[in-house]
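Notes follow once the structure below has been shown.
Coordinate-derived values only; no laboratory data. Only a predicted model underlies this, so the values are computations on that prediction, with no experimental measurement involved. Here the Cβ is made from the backbone with ideal geometry for all residues, glycine too, and neighbour counts use every protein chain on show.
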Amino acid sequence: MPRPRRGTSRRVLSERQRLGEQTEQLAAQLLQQAGFVILERNYRCRGGELDLVARRGATLVIAEVRLRSSDAFGGAAASITAAKRRRILHTTRHLLLYRPQLAALCVRFDALLAASAAGPIEWIQAAFTADGL
């Protein structure tokens, strides 16, 4: 049976994915309201993904968007583990390698956290740092 051509099939989202996309949209709007321009959404490379990449002036923000409806396992902030931060740093290095015009900017890692897809969103600027980036 032949495979459908790329771009011709519709992606079916689970409820969880749909809520995640809604939360990312709210987070992008919050960044835009603060004067940032969204450069990338869901930037992917082997080994990682960046939810939102935004720029305002000389600042490049790598924003991790987290939705957790329960605090049973520590909530949204606790879900950004050391392993997750390593993947974000790896993917950021990839982005800066392939978009060298961004490498001269000051990079900041923010977290945008929500308890529901409807918000509100807690914005933690400089949620973590990257030594040696």
- [ ] Of all alpha-carbon pairs in the stretch 36-128, indicate the percentage at a distance above 20 angstrom.
- [x] 34
Open item on the list: Using 0.36 nm times the number of residues separating residue 129 and residue 22, minus their current alpha carbon distance, what extension gain do you get?
Closed with: 35.9 nm
TODO: Between residue 56 and residue 82, take the C-beta separation as r, use R0 = 35 Å, and let me know the FRET efficiency to the nearest 0.05.
DONE: 0.80
